[in-house]
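A quick write-up on the structure given underneath.
The values are calculated or read from the model by the stated rules, or taken from the named source; none is laboratory data. Note that the structure is a prediction, hence the values are computed from the model and not measured. When we count neighbours, we look across all protein chains shown, and the Cβ atoms used for this are built from the backbone with ideal geometry, even at glycine.
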Amino acid sequence: MRIDSLTMNNYRQFKNVDINFNLAGENDLHVVIGKNGTCKTNILNAINWCLYGDEPHFSKESQRLPILNVEAINNTNDGHYCSVNVMVYIKTNQGKYMSFERKAKYKIQKGDGKQPIHQGTEFQVEATDDDNNTKLFSDEKADKQVERFVPKKIREFFFFDGERLDHYFKEATAQNMRHAIFNISQIDLIERIEKRMVILSKELRSEAGKQNPAIEKTRESLENYENNAEELVKRIEESTKQIGIAKEKVKECEDNLKGMPDVEKLESERKKYLNDRDQKKDNLKEKFKQKNSILFDYGKIINFWRPINQVIEIIEDKISKKELPPNIDADLLNKIYNSRICTVCGTKLSEDALQNIADLLKTFKLSKLISIELLTSLSPLKALKDKIEGFKIDIEKVKRDIIQYEKDLAEIDKKLSNIDKMLSGYDENKIKQNHIDRKKWELILEIEQQKVGSFKLQLLAFKKKIEELKKELEREIGREERLKELRKKIEFCQKAVIFVEKIKDQIMDQTRKKIELRTKEIFFELLWKKGTFKDVEISDSYDLTLIHALGYPCLGSVSAAERELLALSFTLALHEVSGFNSPILIDTPVARIDEEHRENFGNAFIRVSKNKQTILLFNPAEYSQEISNILDDNCSCRFASKLMTNEFETTLEVL
Amino acid sequence: MAKDRDRLFMDKDDRKLYEKLEDEDLFKNKSRKEHFLYAMAIGFKCNVRLPLESRDGLFRTTDLRPEDESLIKTLALISTENNLEILSNKDEMYTIAEEYAHGGIRLIIDRIDSTPFGAYELHCEKDLFDTFNALNIE
């Protein structure tokens, strides 16, 4: 199937635009190039709106505008009606034509801030049958026709933003894969049967409960446990999804940080070193002060070492000669001699006595004052002498400390310089942000893993209890003869649920294997590096693994282009396995691919377009020389979207 | 008998020299008494004793601690060839100290002025080591 043309009337910026996707040559490849804001993405929205009635790819610019073309609103009188309609013409594999048309009618209101009033939407499908008769379908029947073109549930694999390719194997891969395979497997019916059987089983048990209060009590308890278990399964799924996302995010951060310095750690080390440096500098300053103080103090006394020793010798000599301390008070003797009266007994002294005093005074050499001066000096002088002798010890100690601090400072400066070298040339904020993000996601990962572990344990306990209660209920129901029929029905429902679950798993498994095989085949067919990879695997738990030629899993380390190619291969495999070989329309398909790989990707699209209609919407930057060289001559049509000067209308020019 | 001295003096012209000492790390945060004793030591070491031409009070005698007094006494005794009588004349002892400090402060400032900025301490350190080594202290 292919889209033959797309007609848009009054749809957003497209006033009256027809795009004919004519096939020219062997490549059913069509390219639309338009600047951002020229409503290129609204082509994607127009198809979605026409087929499914919604616009899942809104840009901010579009959100501000009504679906009805602004120019058309301006040209319509107040109170009059105006319609928007989009038609998608398709050509089936059998060469028949179908048209899908959605039309919405609006009543125009003039005035500030007044929006057109929606009057109703019509959707109809026109198809030709085998006898070339035209048939019209509307309402539900029209929707069913759409389901035969691209089912709504799997449209995301046919019409999508190129970003999807980039993200597909980056976040919660297993969940994405399971979701895709489940949808593609088209096992809704089986699931509905399963659900119905579960409900029926519950209803039957409820009926049994009405017959006997003991049964009702057990039933209620069982239902309670079943509900809790169901809730736990949902929570496990949710947490598992979060784990997938967190793992990818941690990996993404780690990839971003590969070869980058651990800025946070380095910053913290740097801070510590800076503090240490300040501390050491202060200490060094203090040591220099101490050294100066020593130099000053010793400078004051060192030259007196010899004189001090001499004076000490004099004093000690006098002490040894018992001249110190003085045993006679010379002043008192002088006083007695002069007064001629004994100051002790008050008697007048004889001439002999006076002569004795005079003789005594002649032998007395030191005055009391001098003696005191000498004696009081001895101890301080000895202390000074000792101090001088300790000069080298004191100064060497402080010098050693200074040398040590200087060494420490040099070492710190070296470390700081190394850190600066490591950090120079990097965007520190970006690196820091990556570290913060990694920590955040690691924490989420840990929390979610703990949650899953705890939920699984609870679930295990619940399942055990459920089994016990089921048996108990069976026994209780079995005891009642009148509930024999009911018991048989319940047993049947339970067996049916198990059977249906098994079938569902088998189908899913078969689909998974088919998709795995086709993904691998398509990937290796489109891949430009033939010898790098060996295999593509989708495990039982829906984890996709790309195996390197050397045998190790390498999805996390491949280039964006290779990862997107794998996602594209997977998408194309889904198309095939689903049986819907409908067109693929990708908005901004190579925006996240570096220029080096764009040429390869362009070639891949050409190969895809040989068997499938491929519509690609590029912005001019994305449609680089590399892409242009490859696609210009290999695509069926190229269009350029241009915004008119009034900014309310976009036109498409054929290039 | 003359009244005991209550202060020690410097030459009036020396005030600016003592103030200049403040700029050198070695003399920072030291009192005027400490500066005086240091200058006295340098004057004694270099044997430069200059009488004061005009006196200006520098610090109080009460600021002197026993070890400071001992140094001044030692200087006085050595300068008078161990004449113990000098110890009974404080005024004379202090005068001797003032004259050596007067000579010393000039030597210090000359030395400071003739050494590169920040190098004075290194000279002092070297001098101290040379002096200490010459003392042959075991």
Does the stretch B:87-110 contain any residue that is in contact with an Asp or Glu (Cβ under 6 Å, 6 or more places away or on another chain), under 30 Å from residue A:367 (Cα atoms) and free of Cβ contacts under 8 Å to residues at least 24 places away in the same chain?
yes
Check the stretch A:136-152 and report whether any residue there is modelled with pLDDT under 70, farther than 26 Å from residue A:614 by Cα and either touching a helix residue (DSSP H, G or I) at 6+ places or on another chain (Cβ under 6 Å) or part of a loop (DSSP other than H, G, I, E, B) (or both).
no
Among (1) in contact with a Ser or Thr (Cβ under 7 Å, 6 or more places away or on another chain); (2) buried (at least 19 other Cβ atoms within 10 Å of the Cβ), the one test that residue A:642 misses
(2)
Please enumerate the residues belonging to the stretch B:49-86 that are within 11 Å of chain A (Cβ to nearest Cβ), surrounded by fewer than 16 Cβ atoms within 10 Å (Cβ to Cβ) and in a helix (DSSP H, G or I).
B:66, B:85
Residue list for the stretch A:398-410, filter: free of Cβ contacts under 8 Å to residues at least 12 places away in the same chain and surrounded by 14 or more Cβ atoms within 10 Å (Cβ to Cβ)
A:404
Tell me whether the stretch A:276-294 contains one or more residues that are under 41 Å from the mean Cα position of the chain (by Cα) and closer than 30 Å to residue A:447 by Cα.
no
Subset of the stretch A:212-231, residues over 41 Å from the mean Cα position of the chain (by Cα) and of a type in the set (D, E, K, R), comes to A:216, A:217, A:219, A:220
When residues of the stretch B:1-45 are filtered for being surrounded by 15 or more Cβ atoms within 10 Å (Cβ to Cβ) and either within 14 Å of another protein chain (Cβ to nearest Cβ) or in contact with a Leu (Cβ under 7 Å, 6 or more places away or on another chain) (or both), how many remain?
24
Restricting the search to the stretch B:87-138, which residues are aliphatic (A, V, I, L, M), within 12 Å of chain A (Cβ to nearest Cβ) and assigned to a loop (DSSP other than H, G, I, E, B)?
B:137
Please pick out the residue among A:596, A:516, A:562 that is of a type in the set (D, E, K, R), crowded, with 17+ Cβ neighbours inside 10 Å and closer than 30 Å to residue A:40 by Cα.
A:562
Restricting to the stretch A:380-398, name every residue that is within 18 Å of residue A:289 (Cβ to Cβ) and facing chain B (nearest Cβ under 9 Å).
A:391, A:395
Would you be able to tell me the number of residues in the stretch A:357-367 that are surrounded by 14 or more Cβ atoms within 10 Å (Cβ to Cβ), out of contact with any helix residue (DSSP H, G or I) (no Cβ under 6 Å at 6 or more places or on another chain) and assigned to a helix (DSSP H, G or I)?
0
Can you find even one residue in the stretch A:108-115 that is in a strand (DSSP E or B), within 25 Å of residue A:43 (Cα to Cα) and at pLDDT 85 or above?
no
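Every residue, every condition in (1) more than 8 Å from chain B (Cβ to nearest Cβ); (2) at pLDDT 95 or above; (3) buried (at least 16 other Cβ atoms within 10 Å of the Cβ), yes or no:
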{"site": "A:282", "(1), (2), (3)": "yes, no, no"}
{"site": "A:285", "(1), (2), (3)": "yes, no, no"}
{"site": "A:292", "(1), (2), (3)": "no, no, yes"}
{"site": "A:303", "(1), (2), (3)": "no, no, yes"}
{"site": "A:326", "(1), (2), (3)": "yes, no, yes"}
{"site": "A:330", "(1), (2), (3)": "yes, no, yes"}
It is to be established whether one or more residues within the stretch A:44-66 are at pLDDT 90 or above and farther than 28 Å from residue A:587 by Cβ.
no
